[in-house]
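The next block holds one structure in the form of structure tokens; read it before the comments.
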Amino acid sequence: MRRMLPKTAVLNLLRWLGIESHIARNAIVMGSAEICVRVLNFAISVLLFRYLDPQEMGALRFVFSAGILFAIIGDGGISRPAVRLITRVPREQLGEWVQALTAARILLNLIMVGLLWFALRSPLSHQLDQTTRLLLAVWSVAVVFQNFRKNAEVVFQAHQEIQYHAFFLLLNRTIALIAQLYLVWRKSDIWGIVAGFIIADAVDLAASHLFLLYRY
């Protein structure tokens, strides 16, 4: 049976302002969250730009850019169709569909990791320095976490509970900023910086899936 939680303060505020349309509320909540996420990302970028030397910053930017490409491969385009399918699934069958989605993600992420390691061993990767190649290999862990985190996002979107999707986006970036502030204060190297982002993704993944189990 579905466990009922108190309505969030954000949704109550929107209702008080007279915004009754569910679609309008979702758009406002998600849009506000994305603005906050961009602000947090900007703060992280400025912090690291001032802390890392140009070579390290260049390596980090390359790793993040390559990570976006491999994240697309790891998702395999299954998230959008999954939202439409789960919208029509009875709540008592939700667990089975999430398990099927998880199995599909395991296969896709194994393919993604295989392609990444193949790319790192190809002659083309020899143009990169050793540190950048190793950082990219380590960053694949974060990419896997990010892809599996989308399971919770799919369920939240399918059930039109965008406030939870927005909350976990903000949680991820807030943890990342706190981690980077701590690591800069501790004068960590670039490996610690990358580890901070991975920890943020791991906490986000664990928290969102625990909430998913509690909520549904």
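A short reminder: the numbers here are calculations on the coordinates, not readings from a lab. What you are looking at is a predicted structure, and each value in this text was computed from that prediction instead of being measured. FYI the Cβ positions are ideal-geometry reconstructions off the backbone, even for glycines, and counts take in every protein chain you see.
General observations
- Average projection, convex hull of the Cα set of the chain: 13.1 square nanometres.
- Using Cβ point charges alone (K and R +1, D and E -1), the dipole size of the range 27-124 about the Cα centre works out to roughly 180 debye.
- A cut-off under 12 angstrom between Cβ atoms defines the neighbours of Phe156, and their net charge, with Lys, Arg +1 and Asp, Glu -1, is +1.
- Cα lying deepest toward the dipole's positive end in the chain, options Ala166, Ala71, Val138, charges on Cβ: Ala166
- In degrees, nearest ten, helix 190-215 long axis to first principal axis of the chain (Cα): 20 degrees
- Calculated SAXS-style log₁₀ I(q)/I(0) at q = 0.16, 0.17, 0.19 Å⁻¹ - the range 103-202, Debye, Cα scatterers: -0.84, -0.91, -1.01
- If you take all other residues with their beta carbon under 13 Å from the beta carbon of Asp75, and give Lys and Arg +1 and Asp and Glu -1, the sum is +3.
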